[in-house]
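*Asks:* One structure, pasted below without further comment.
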Protein chains: 4
Amino acid sequence: MVRLDFTIELKYEIAEAPADFVFNIHAARTASQAVVSESLTFNQPVEPDLYVEPATASRFMRVRAEPGEFLVRYAATVDIDHHRESPARLAEVPIAQVPATVLPYVYPSRYCQSDRLRRYANREFGHLRPGYWRVQAIHDWVRLRTVFTSGSSNSHTSAVDTLIDQVGVCRDFAHLMIALCRAVNIPARFVTGIDYGAPPELGPPDFHAYVEVYLGTRWYAFDPTGITAPMGLVRIGTGRDAADVAFATMFGSMRSHAPLIWIAARDDPAAGFTLPSHSAEALSTSDEGLACSGCDNMGGRE
Amino acid sequence: MVRLDFTIELKYEIAEAPADFVFNIHAARTASQAVVSESLTFNQPVEPDLYVEPATASRFMRVRAEPGEFLVRYAATVDIDHHRESPARLAEVPIAQVPATVLPYVYPSRYCQSDRLRRYANREFGHLRPGYWRVQAIHDWVRLRTVFTSGSSNSHTSAVDTLIDQVGVCRDFAHLMIALCRAVNIPARFVTGIDYGAPPELGPPDFHAYVEVYLGTRWYAFDPTGITAPMGLVRIGTGRDAADVAFATMFGSMRSHAPLIWIAARDDPAAGFTLPSHSAEALSTSDEGLACSGCDNMGGRE
Amino acid sequence: MVRLDFTIELKYEIAEAPADFVFNIHAARTASQAVVSESLTFNQPVEPDLYVEPATASRFMRVRAEPGEFLVRYAATVDIDHHRESPARLAEVPIAQVPATVLPYVYPSRYCQSDRLRRYANREFGHLRPGYWRVQAIHDWVRLRTVFTSGSSNSHTSAVDTLIDQVGVCRDFAHLMIALCRAVNIPARFVTGIDYGAPPELGPPDFHAYVEVYLGTRWYAFDPTGITAPMGLVRIGTGRDAADVAFATMFGSMRSHAPLIWIAARDDPAAGFTLPSHSAEALSTSDEGLACSGCDNMGGRE
Amino acid sequence: MVRLDFTIELKYEIAEAPADFVFNIHAARTASQAVVSESLTFNQPVEPDLYVEPATASRFMRVRAEPGEFLVRYAATVDIDHHRESPARLAEVPIAQVPATVLPYVYPSRYCQSDRLRRYANREFGHLRPGYWRVQAIHDWVRLRTVFTSGSSNSHTSAVDTLIDQVGVCRDFAHLMIALCRAVNIPARFVTGIDYGAPPELGPPDFHAYVEVYLGTRWYAFDPTGITAPMGLVRIGTGRDAADVAFATMFGSMRSHAPLIWIAARDDPAAGFTLPSHSAEALSTSDEGLACSGCDNMGGRE
């Protein structure tokens, strides 16, 4: 089991009129990830609306804040109990057997134009034997060909751009890997977390984006940037791509500061908490149930 | 009340190996649209899996078919009971009050890159008074500036392309209108149906794509191509854009023929069925309940 | 020596007002390509303006035609005396020694966005030993990864699109090869001709586009589509990409028909004319003088 | 007459191997712009090759420099004798009469994809009366709809991007205006200079990019950013777009610093030198001869 303590501090300066925010900074609650404790504080007397998206367990918080400085501080302790699997046992799922709720993750999305990459992906990966190792090959390909460079992309940058430009930040790596997986009919999705374990020369802790791929009967985590070990990845938002799970979507006129983030892992084997490390096993924190919630609807005759 | 009878015939020639299909050709069942009768036939002894996406009522059918000719024939009779509203009474909904389940339709998607069009849309429409008439202005702008030309776009064409190229087919008109609405924070989504009432010179009846915009407490229909009257639009698929609700997604090697479609409206006022016509009122067939299913989750403190 | 006889027939139906055309259909006259005879006829009493671009020997013809049918027929017999070189002797030219008039062909152009492909091209080809074989590797890479499909691209399609989509026609193959060469600092340009020797299943003879790359002291021909032998390529227009040397640029309202083209090679060894064939040697028809016309201006101190 | 004194200082830190540069920082010598004096110094004993492109008078300098710091300092005094014309007298030139050497400036180029903007530009400007005022309308449209923001674009940004994003720096404004002019068949080109007269809040003096449009028998200057008065614009490079006339094209591994630039105008009416100011007249510094050098080749029968 992994226990992570983290804190997120966001700071905005809102201009004349009240502004609306949709945040996605809460740790998700899933069968594999327990939120042991959490706290949320603001410097304004706001009344946040909270909403959990049932399909993904993403927790959204909508807030209206008044002009002036607006501070949001969220802290949580989460326990992650990874499902571990030997890669050799993880097969790709034939389209005919992909759960209905998983199927949409084969389709293209804003930043992952898998429809345009079908030929490209098939030429690169179509001849590889389906299964975990093919996904790993896509992961390695993205990692090898893309240079991690802060500030090299922006909020409009898509997988096609990253494939051509071969430079980006974590979300760009994730988008490219997702688009290539989908282009060979492997369901893949976008998850946000925190870059626990990233080398300090990349800067202070920050939000992170990684990839989940559906293999066997679960979603398994991959980090194509290679800067973190998947074992240390907390789940915040889960969606088709960054358009679904921005940590903050802002409506109104404001100035935003870079988020301040702290994260630490417990190193207390006696209590059952081990430090995240690189693992030869495939790791999943998706609920078995989530993946199969649609199964009940399938297979019948409606 | 409007009663529509329609038939869809699809034809494929599948090459050597079995092929998978995900169809979205069933009429949706909503509080406003009753499926009076329907029939589905194949020329192969297939076993379709049917799945209803709870959030949108879109009905997907997954089928595996054998090599050779594959025919799908779906026929249905639907009754549509429109909710009608005076445009003057339809307000835009402030972000703080948009139901949580509606909020995702403000975000960009594969073919509707509203994130890139924020400045553009605000310059064109930001100064207009919010409400139905602003949406109508966006509708008119798209219709006026875009030339309907068969074959002028392809499955990769997006709203940004259509804005620049000023040419497209129904899905391009819809994507551009949706992207511009979202760019000024108005929730908008993509619906598929059949082009009942389209001028014969545009060719035989075909699948159609139109737009729904969330105003007041419901989704209202708009057809920026202007080739149909919204009153004659049956609802098949509902999604963020064409990536969600293709009438057929194909996996495998095959040749596909153009769909053959017939549609007719009952003209039987005595029985309560009137022909679809252009209406000065805003029309909605979305369930009140659908729009508010998320409301239960909002407003509380989780 | 190769002797080619060819005829080009163009047909337009001009609407109400007179229309202007800029044609580039004349065979170029260079030290290596002699125009033995040529004829030009119209069905209207037009007065063409002819202009030879000194730097490239491209011959442009501007014509104003009246409403109604407009026919242009150009026929020519050209003799091509190829400069032949052993590939092993052809070196890339260091930037410091590229003639000033050749240098612009290292820069990006409308359809060859080499600026965007620098990382990509360097990863694929940067480690290869400079020289003819590196260019051949780029040629092979484009040919292997791109599927020739009529109608798969349009007049806006660029090298970046073709790299992603992996499909195109001759101009797309040429643009991609040119862009990749420039991206590793090898001067490359676009030439138009006729697809002598193309397999009949690709359709009747048509205009063709191919590539010239500057190696040693000359421009050498490459056809990345592989459908012709470079020895059978007549030179019509020479430019940075298709934007420079369209066979017809039209101004006005009209309908255009597909060009009708005939081409044949003389097979008369006694007279010194041999049929074009695939050759292991590198072939050049560029004037030594053209390449070095700028040399006189360089090297001095102005 | 306007006399401008300016100095350009460029600084690079070249890594391990010698690097090549192609600079375009010399003031052009034209019939209207005399280079009264100039000086060029380096901190390395380099041997620059200088080349004047005959068609545009752009002066290119190629230099190979050794590892370590590399400084280039160019200073010049230029006298500009503007040709002035009343806008009302400036007509657009029908395609049939555009000089052959001017015609290429109607075609699309790397950053000015006028081919894609034909419908868009015709809808916006096609109905306006041809002539200077139509060009001014395009100028005003670009200026009104585009926000000048440092750092908002990069070296890949094109006119289509700027039209959509509505933000950019001087080269983006220029590219968009050029593309729109060409899309309605008005020859337009890209000129580099220095932003004399720009408001200090935009930062220290910098290279600038502006537009020349061919009207009547000459090229007239426009600055769609509105930050300078065209009267104060020195001509350095002239080309189809920024791809032709980068102030520095670098080959090799290095770090470059922001250029340091000084510019001043003489205020000595007694000597005939007046300060640049905004003028209601159209201003041209293009050589009559340049524009017509091709005329000799036209109109004949070759």
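The values are calculated or read from the model by the stated rules, or taken from the named source; none is laboratory data. Quick caveat, the model's predicted, so the values are computed rather than measured. Virtual Cβ from ideal backbone geometry, glycine too; neighbours counted across all protein chains shown. When the accessible area is computed, the model is the full protein with side chains, heavy atoms only, and any ligands, DNA or RNA have been set aside. Shrake-Rupley method; radii C 1.70, N 1.55, O 1.52, S 1.80 Å.
*Asks:* Pick out the one residue from C:THR157, C:THR162 that is in a helix (DSSP H, G or I) and of a type in the set (Ser, Thr, Tyr).
*Replies:* C:THR162
*Asks:* Out of A:VAL46, A:VAL2, A:VAL102, which single residue is in contact with a strand residue (DSSP E or B) (Cβ under 9 Å, 6 or more places away or on another chain), within 25 Å of B:TYR111 (Cα to Cα) and open to solvent by less than 50 Å² (accessible area, probe 1.4 Å)?
*Replies:* Just a single option satisfies the conditions, and that option is A:VAL102.
*Asks:* If you check B:ALA91, B:ALA100, which single one turns out to be more than 30 Å from D:ARG145 (Cα to Cα) and of a type outside the set (S, T, N, Q)?
*Replies:* The conditions single out B:ALA100.
Residue-wise test of (1) among the small types (Gly, Ala, Ser); (2) more than 14 Å from every other protein chain (Cβ to nearest Cβ).
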| residue | (1), (2) |
| --- | --- |
| C:SER158 | yes, no |
| C:ASP165 | no, no |
| C:ASP172 | no, no |
| C:CYS181 | no, yes |
| C:PHE190 | no, no |
| C:ASP195 | no, yes |
| C:GLU201 | no, yes |
| C:PRO204 | no, yes |
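*Asks:* Contact list please: Cβ distance under 9 Å, first residue in the stretch D:55-83 and assigned to a loop (DSSP other than H, G, I, E, B), second residue surrounded by 21 or more Cβ atoms within 10 Å (Cβ to Cβ) and among the basic types (Lys, Arg), pairs at least six apart or on different chains.
*Replies:* Partner pairs satisfying both residue conditions: D:THR56/D:ARG189; D:ALA57/D:ARG235; D:SER58/D:ARG235.
*Asks:* Right, another one. Provide a single number: the residues in the stretch A:119-154 that are in contact (Cβ under 8 Å) with a residue 40 or more places away in the chain and open to solvent by less than 70 Å² (accessible area, probe 1.4 Å).
*Replies:* Total meeting the criteria: 15.
*Asks:* Among the numbered conditions (1) surrounded by fewer than 24 Cβ atoms within 10 Å (Cβ to Cβ); (2) outside any loop (DSSP other than H, G, I, E, B); (3) aromatic (Phe, Trp, Tyr), tell me where A:TYR214 comes up short.
*Replies:* Failing condition for A:TYR214: (1).
*Asks:* Looking only at the stretch C:127-139, decide whether some residue is within 9 Å of another protein chain (Cβ to nearest Cβ) and either touching a strand residue (DSSP E or B) at 6+ places or on another chain (Cβ under 9 Å) or more than 30 Å from D:ALA246 (Cα to Cα) (or both).
*Replies:* Checked the stretch C:127-139: no residue is within 9 Å of another protein chain (Cβ to nearest Cβ) and either touching a strand residue (DSSP E or B) at 6+ places or on another chain (Cβ under 9 Å) or more than 30 Å from D:ALA246 (Cα to Cα) (or both).
*Asks:* Looking at the stretch C:50-63 only, could you name the residues that are surrounded by fewer than 19 Cβ atoms within 10 Å (Cβ to Cβ) and either touching a Lys or Arg at 6+ places or on another chain (Cβ under 6 Å) or closer than 18 Å to C:TYR12 by Cα (or both)?
*Replies:* Across the stretch C:50-63, the qualifying residue is only C:VAL52.
*Asks:* Hey, another quick one. Out of (1) open to solvent by 30 Å² or more (accessible area, probe 1.4 Å); (2) part of a loop (DSSP other than H, G, I, E, B); (3) within 24 Å of C:ARG118 (Cβ to Cβ); (4) not polar (S, T, N, Q), the odd one out for A:PRO224 is which?
*Replies:* So A:PRO224 meets the others, but not (1).
*Asks:* Given the conditions (1) more than 9 Å from every other protein chain (Cβ to nearest Cβ); (2) part of a loop (DSSP other than H, G, I, E, B); (3) of a type in the set (A, V, I, L, M), report the number of the one that A:ALA100 does not fulfil.
*Replies:* Answer for A:ALA100: the failing condition is (1).
*Asks:* So in the stretch C:174-188, with the set limited to residues that are of a type outside the set (Val, Ile, Thr) and over 18 Å from the mean Cα position of the chain (by Cα), which one is most open to solvent (accessible area, probe 1.4 Å)?
*Replies:* Within the stretch C:174-188, the match that is most open to solvent (accessible area, probe 1.4 Å) is C:ASN185.
*Asks:* Only one of (1) under 19 Å from A:GLY193 (Cβ atoms); (2) surrounded by 20 or more Cβ atoms within 10 Å (Cβ to Cβ) is not met by A:ARG73, so which one is it?
*Replies:* (2)
*Asks:* Give the residues of the stretch B:229-250 that are open to solvent by less than 20 Å² (accessible area, probe 1.4 Å) and either in a strand (DSSP E or B) or at pLDDT below 95 (or both), sorted by residue number.
*Replies:* B:ALA229, B:THR238, B:GLY239, B:ALA248
Residues checked against (1) among the β-branched types (Val, Ile, Thr); (2) farther than 28 Å from C:ALA265 by Cβ; (3) open to solvent by 40 Å² or more (accessible area, probe 1.4 Å):
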position	(1), (2), (3)
C:VAL160	yes, yes, no
C:LEU163	no, yes, no
C:ASP172	no, no, no
C:PHE190	no, no, no
C:GLU201	no, no, yes
C:TYR210	no, no, no
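*Asks:* Can you name the condition, by its number, that C:ILE80 falls short on among (1) touching a strand residue (DSSP E or B) at 6+ places or on another chain (Cβ under 8 Å); (2) more than 11 Å from chain D (Cβ to nearest Cβ); (3) under 30 Å from A:THR157 (Cα atoms)?
*Replies:* Of the numbered conditions (1) touching a strand residue (DSSP E or B) at 6+ places or on another chain (Cβ under 8 Å); (2) more than 11 Å from chain D (Cβ to nearest Cβ); (3) under 30 Å from A:THR157 (Cα atoms), the odd one out for C:ILE80 is (3).
*Asks:* Which of the residues that make up the stretch D:6-36 are more than 21 Å from the chain's Cα centre (by Cα) and open to solvent by 30 Å² or more (accessible area, probe 1.4 Å)?
*Replies:* Selection gives D:LYS11, D:GLU13, D:ALA15, D:GLU16, D:ALA17, D:PRO18.
*Asks:* Do you know which of the residues in the stretch A:251-261 that are more than 14 Å from every other protein chain (Cβ to nearest Cβ) and not in a strand (DSSP E or B) is surrounded by the fewest Cβ atoms within 10 Å (Cβ to Cβ)?
*Replies:* A:ALA258
*Asks:* Still on this structure, please answer the following. I want to confirm something. Restricting to the stretch A:4-59 and keeping residues that are over 20 Å from A:PHE190 (Cβ atoms) and β-branched (Val, Ile, Thr), which single residue is farthest from the other protein chains (Cβ to nearest Cβ)?
*Replies:* A:THR7
*Asks:* Considering C:SER286, C:SER277, which residue is away from every other protein chain (no Cβ under 14 Å), assigned to a loop (DSSP other than H, G, I, E, B) and modelled with pLDDT under 90?
*Replies:* Criteria check complete, one pass: C:SER286.
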